[in-house]
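The values are calculated or read from the model by the stated rules, or taken from the named source; none is laboratory data. Since the model is a prediction, treat every value here as computed from it, not as a measurement. Every residue, glycine as well, gets a Cβ built from its backbone with ideal geometry; the counts of neighbours run over all protein chains shown. Side chains included, ligands, DNA and RNA excluded: accessible areas come from the protein's heavy atoms. Shrake-Rupley method; radii C 1.70, N 1.55, O 1.52, S 1.80 Å.
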Amino acid sequence: MPPIRVLDNSVVNLIAAGEVLERPASAVKELIENALDAGATRVEVEFEDGGRRLIRVTDDGAGMGPEDLALAFLPHATSKLAAVADLAEIRSFGFRGEALASIAEVARARIVSRPRGTESAHELEAEAGKIGAVKPSASPEGTTIEAWDLFGNIPARRKFLKTSPVEAAHIGDVVTRFALSRPDVRFELRGDSIPIATMSPVEDIADRIGHYFGKELRQALVKVDAQARGIRLRGYVARPTFTVNNTRLQFTWVNGRWVRDKVLFRSIIEAYSDLVMVRRAPAVFLFVDIEPRDIDVNVHPAKVEIRFANSSRVHDFVRDEIRGRLMAGGVPQQFVPKDAWSSFVQRTPDERRNERQQELMEFFTRPADTPVFFTPPPGKSAFAEPRDIPPGVQDPTPPMRPMASGGRAYQLHDAYLIEEVPGGLNVIDQHALHERILYYRIRSRVLAHDVARQRLLVPSIVRDSGREKVIAAARPLLDRLGFEIEEFGPGALAIHAAPDWIGTKDPAGIVRDILMDFDTANPGRAADDALDHFIATCACKAAIKAGERLAPEEVRALLEDRVRIDHSQTCPHGRPVTLRITLDELEKHFGRK
Amino acid sequence: MRFRCKRADLSQAVGVVASAVPARTSVPILQNIKVTAADGELTLTATDLEMGLRYSVRDVGIQKSGAAVLPAQKLNQIVRDIRDDEVKFDVDGKLCSIEIEGGQFKLTGADPQDFPQFPEFDEKKAVRINVDDFRDMVRKTAFAVSSEPSRYALTGVLFVIRENEARMVGTDGKRLAYAKKKIKGGPRDEVKVIVPPKALHLVEKIIAEGDEEIAFEFEETQMKAKTSAGTLFARLVEGSFPNYEDVIPGDPDKKVQVNPGELEYRLRLATSMTDDKSRAVKFQLSKDKLKLFARRITGEAGEASHEVAVKYAGPDFEISFNPDFFIDFLKVVAGGRPDVADSEADTKVEARAEAKADKAKGKKAAKEEKPKAPPPEPVEAPSTITLDLRDKLTAGVIRAGRDYIYLVMPLTIDV
């Protein structure tokens, strides 16, 4: 066995560098962070050959004098942290003092810097850990850092780098994240001497979002800005009408630092649950600001992971705020506000009738191209704050709203409803719609513990022998749903009462389906998730099916019920409810336009 | 086959049997009516195989006996639309011509050989029940059955006939309606079958003017019923029916006497303020007072509170019910029929033809053409019914007279 030796500093640094610098984009990230920590208002990023040959970041920040410069490449040299106590109050990006040292280990590095307000610039070079001497140089105010031949001395790492376009894309992503989080800073990105992006400073990140991801997303954005109990949440979330097939449009920053955090992702998923289809993801751009002592950023060398001291508080706050904004900005008039009761009693029937007439008048007199659906009529402020949608933004797909004069509706093939609406028509999946209506109705009742249990004359017996464990696990949830259940010998249940919302459906059948489903459901699922899942299952089982013929009154009732739920985009299982065909499309098809 | 008959008689008979014609079927011949002419009598038959109807028209001038199978809907429409008092039918093979003054119709039918056989009624096994008693029991119970096919046994009405007594019970598992009648005679061995409500309604359709009794014949899987003009067969519902006598709770300590009309009126008012799908009305009892309370928290929120004068001497008590269950019953007590969600296929052919006839002739003319079966005897609404309660988990028992009992299971509300 070879003798144990203490590793030489350079080897230690090389190992540490490998942790911090995974690929060229990580170096870019570290360097931009340094620039922003130095108070830059302008950051230029250049790279060649996917960053392998050259990375150069130039800023107009504070800059370093010759003394500071001399220390720049030393490991754990940092201007940002003085003592242990400071670790709890980290407000800057960098603090570990690893970035420049790491770059100096794995590349030929060069810094040129001129402190703000001084006349002289200096430069320093380092290669494979060997630091040269500080020399006078020439440069504008600010700092330029170059890294040549990244990983040139670590062939193993270099081998694992992807092709140059892939690495370039990673660098682009890094710059995008900073550009989105700091709309006040000018960013320029050039690859192989070709300008890729130039971002002038803007007031609002919505403009940068639009620049990067298109007008469509820009128009779907809803602003979020809320603060409670030491957490501030701001940014934008896209309406559920805009989705993509992965989470790449979900950007989260905590105290300005771009992070990928499970707690936040879960909040987002839950906030959008049942508003977007399965396997579709929403777009969000969220900034969480929280007291530095309430998070631990020192979890991962690259700092993309963090830990919240009170993750459930953050989770609930973020989820509820997003959900609230999605609902509020979404569908005024179709949504019963919490204080429906008070607004009901405060207004006389005449007042309410007048309001409705006024709405109708407005509807018909409004020019065709003004956004109708998201501007609550005057006096209806209870439903939503009207002007928190960025100016000029309108919803790309107005929600379905019945014809003011009672649009016609028909059932087709015992499965679909066709409905005449202003500006087009809706094709509605009757099962999906009913399922969704039930889902909301049941959910709100169950969550409010407001379930009426219809007792049964004779208990309904469900036998599921050999699955006592499943039954035992499912019982508390069945109880919350409104089933009153008693064990009836091994593997059998007696249902004494069923929630009234199942209507005429057979309680035993629904319980059987739930038990069946419970088996296959993920046992580790949180109770709330399971409950939600149950409600979705119940709604699905209790809803009318495709193939059921509906009387015209039933069709009407179903469509009227729809206005009581918040959105009708997809059923709880994520299938779409409505296909909207506009008159425009019809007219184009028939050559009238 | 060649015959001549009164249009009104034929129209009525076609109207009756058309209610057994399935609206949708995979066996096309079932959308026809079989017409047989023999011995001065015309016999019309229709079936969906689950049940069937046969109805006769007397005093028909038959020139040549025979049989034809004609499309039900067209036939129904034609005999309703024409104004002549008399029509002439001339059938040659599958081709049928219907002649009236100044015109004719030609219809293509099907081969009578292909039409299902109608089972014969065996008079020797007949059990007889008074027409009014039968109608009354159907009216009092059929509305309460389950519309959920998965609880198959509950989709039918339990029909019990024993010596000197007949009973019918309908339940959907949450409420139960139970009516009984004294009868003369009856079988020595108790008959206990579950009958689809549609079959009971079809029996009512074949009751002709002057009929006093209906004869029933029960077999293991089917029931037959016979009146002076018509015969029905229907497949019975299989399955086990809950023991209706056991579920009637004993020892109620809270007895309420109330006027049914007043209760129905107040319940309706309260019901307007229940939630759409969660229909609960709270019954608050105190001395000689019943307060009904409903609240709506979704949609057009609001609440309703109404008082009904009752006779009650028990302790203060509170219980919730689905008001629809009460209203169904109270409608029956008042002599009406609750709206029953008819099982599919029911009388669709007839309804369509009627609608067309109405358009063609105007309402007045159409009204005269209604089957001339006598209207049900007007029911005298009792001035009081009793509601017996025990506790919040036990069924409320309502009695209207001695022979009509109705059970409603309460709603329990979490809070």
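Considering the options A:PRO476, A:SER460, A:VAL446, tell which one lies farthest towards the positive end of the dipole of segment A:418-499, charges being +1 on Lys and Arg and -1 on Asp and Glu at the Cβ, about the Cα centre.
Comparing the listed Cα positions along the dipole, A:PRO476 ranks first.
What does the charge count around A:ILE194 come to, taking other residues whose C-beta lies under 13 Å from its C-beta (Lys +1, Arg +1, Asp -1, Glu -1)? Please report the intermediate quantities before stating the final value.
On the way: positive: A:ARG190; negative: A:GLU46, A:GLU48, A:ASP49, A:GLU188, A:ASP192.
Neighbourhood net charge equals -4.
When Lys and Arg each count +1 and Asp and Glu each count -1, what net charge do the other residues less than 11 Å away from B:LYS140, Cβ to Cβ, add up to? Before the final figure, lay out the partial values.
Values: positive: B:ARG135, B:ARG139, B:ARG167, B:LYS180, B:LYS181, B:LYS331, B:ARG337; negative: B:ASP133, B:ASP136, B:ASP328, B:ASP403.
Residues close to B:LYS140 contribute a combined charge of +3.
Which semi-axis lengths, in whole Å and largest first, follow from the square roots of five times the eigenvalues of the Cα gyration tensor of chain B?
Values: eigenvalues 422, 112, 66 Å².
They are 46, 24, 18 Å, listed from largest to smallest.
Sketch the reach of a paramagnetic label on A:ASP49 as a point 7 Å from Cα along Cα-to-Cβ, and name the residues of segment A:182-199 whose backbone nitrogen lies under 17 Å away.
A:191-194
How large is the Kirkwood hydrodynamic radius of segment B:2-108, in angstrom, based on all distinct alpha carbon pairs? Present the calculation step by step, with values, prior to reporting the outcome.
Details: mean 1/r = 0.0731 Å⁻¹.
Across segment B:2-108, the inverse of the average 1/r is 13.7 Å.
Using every alpha carbon pair in segment B:123-246, what percent of pairs falls into each 10 Å bin from 0 up to the bin containing the largest distance?
Per 10 Å bin, starting at zero, the Cα-Cα P(r) for segment B:123-246 comes out as 14, 49, 32, 5 percent.
If you count only protein heavy atoms and use a 1.4 Å probe, how large is the accessible surface of A:HIS533, to the nearest 10 Å²?
In the full protein context, A:HIS533 sits at about 50 Å².
If R₀ is 22 angstrom, what is the calculated FRET efficiency for the pair A:GLU560 and A:GLU585, using the beta carbon separation as r and rounding to 0.05? Provide the component values of the computation, followed by the final result.
On the way: r = 26 Å, r/R0 = 1.19.
So, using R0 = 22 Å, E works out to roughly 0.25.
Which trypsin sites (Lys or Arg not before Pro) in segment A:160-253 sit in a loop by DSSP (not H, G, I, E or B) and have at most 11 other Cβ atoms within 10 Å of their own Cβ?
Details: sites: A:LYS162, A:ARG177, A:ARG186, A:ARG190, A:ARG208, A:LYS215, A:ARG218, A:LYS223, A:ARG229, A:ARG232, A:ARG234, A:ARG248; in loops: A:LYS162, A:ARG229.
Passing sites in segment A:160-253 are A:ARG229.
Taking every residue in A:442-448, how many Cβ atoms of other protein chains lie within 10 Å of its Cβ, on average? Provide the component values of the computation, followed by the final result.
Details: counts 2, 0, 2, 6, 1, 0, 3.
Mean shielding count: 2.
To the nearest 10 degrees, how steeply does helix B:323-333 sit against the main Cα axis of chain B, on a 0 to 90 scale?
Helix B:323-333 sits at roughly 60 degrees to that axis.
As an exercise, use a Förster radius of 56 Å and the Cβ-Cβ distance of B:ASP324 and A:GLU22 to find the FRET efficiency, rounded to the nearest 0.05. It would help to have the intermediate numbers written out before the result.
Values: r = 67 Å, r/R0 = 1.19.
Once rounded, the FRET efficiency stands at 0.25.
Give me the extension gain from B:ASP111 to B:ARG24: residue separation times 0.36 nm, minus the current Cα-Cα distance, reported in nm with one decimal. Let's see the in-between values first.
Working: separation 87, 0.36 × 87 = 31.32 nm, distance 2.02 nm.
Value of the extension gain: 29.3 nm.
May I ask which of A:LYS215/A:LYS545; B:LYS6/B:LYS184; A:LYS130/A:LYS262; B:LYS74/B:LYS205; B:LYS64/B:LYS198 have a Cα-Cα span longer than 29 Å here? Intermediate values should be presented prior to the final figure.
Details: A:LYS215/A:LYS545 39 Å; B:LYS6/B:LYS184 37 Å; A:LYS130/A:LYS262 40 Å; B:LYS74/B:LYS205 21 Å; B:LYS64/B:LYS198 36 Å.
Cα-Cα > 29 Å for A:LYS215/A:LYS545; B:LYS6/B:LYS184; A:LYS130/A:LYS262; B:LYS64/B:LYS198; rest within.
Beta carbons within 10 angstrom, averaged per residue: use that to sort the peptides A:434-441, B:159-166, highest first.
Numbers: A:434-441: 24.4, B:159-166: 17.5.
With the highest mean Cβ count within 10 Å placed first, the list reads A:434-441, B:159-166.
Per residue of A:456-463, how many C-beta atoms from partner chains lie within 10 Å of its own C-beta, taken as a mean?
Values: counts 7, 16, 11, 1, 2, 0, 0, 0.
For peptide A:456-463, the averaged partner shielding equals 5.
Looking at segment B:182-276, which GluC sites (Glu not before Pro) are DSSP coil and have at most 15 other C-beta atoms within 10 Å of their C-beta? If you can, show how the numbers build up before the last one.
Numbers: sites: B:GLU190, B:GLU204, B:GLU209, B:GLU212, B:GLU213, B:GLU217, B:GLU219, B:GLU220, B:GLU238, B:GLU245, B:GLU262, B:GLU264; in loops: B:GLU190, B:GLU209, B:GLU212, B:GLU219, B:GLU220, B:GLU238, B:GLU245.
Sparse-neighbourhood loop GluC sites (Glu not before Pro): B:GLU190, B:GLU209, B:GLU212, B:GLU219, B:GLU220, B:GLU238, B:GLU245.
Is there a simple number for the mean count of other chain Cβ atoms within 10 Å of the Cβ of residues in B:93-102, and what is it?
That works out to 0 on average.
Can you give the FRET efficiency for B:ARG402 and B:LEU95, using 1/(1 + (r/R0)^6), R0 = 41 Å, r = Cβ-Cβ distance, to the nearest 0.05?
Numbers: r = 59 Å, r/R0 = 1.45.
For B:ARG402 and B:LEU95, the calculated efficiency is 0.10.
Among the listed pairs B:LYS140/B:LYS282; B:LYS174/B:LYS287; B:LYS254/B:LYS291; B:LYS182/B:LYS311; B:LYS254/B:LYS289, which are separated by more than 18 Å between their Cα atoms? Display every interim value, and only then the final one.
Numbers: B:LYS140/B:LYS282 25 Å; B:LYS174/B:LYS287 28 Å; B:LYS254/B:LYS291 15 Å; B:LYS182/B:LYS311 30 Å; B:LYS254/B:LYS289 13 Å.
The answer is B:LYS140/B:LYS282; B:LYS174/B:LYS287; B:LYS182/B:LYS311.
Would you work out which of B:ILE183, B:GLY102, B:TYR265 lies farthest towards the positive end of the dipole of chain B, given +1 charges on the beta-carbon of Lys and Arg and -1 on that of Asp and Glu, about the Cα centre?
Positive-most Cα among the choices belongs to B:TYR265.
Quick one: 3J(HN,Hα) in Hz for segment B:124-136, Karplus 6.51/-1.76/1.60 with θ = phi - 60°, rounded, Gly and Pro as x.
Along segment B:124-136, the couplings run 5, 9, 5, 10, 10, 9, 4, 4, 5, 4, 4, 4, 5 Hz.
Less than 11 Å Cβ to Cβ from B:GLY109, Lys/Arg counted +1 and Asp/Glu -1: what total charge do the surrounding residues give? Please report the intermediate quantities before stating the final value.
Details: positive: B:LYS34, B:LYS74, B:LYS94, B:LYS106; negative: B:ASP92, B:ASP111, B:ASP114.
Residues near B:GLY109 contribute +1 overall.
Going by Cα centres, segment A:210-246 and segment B:249-295 are how many Å apart?
51
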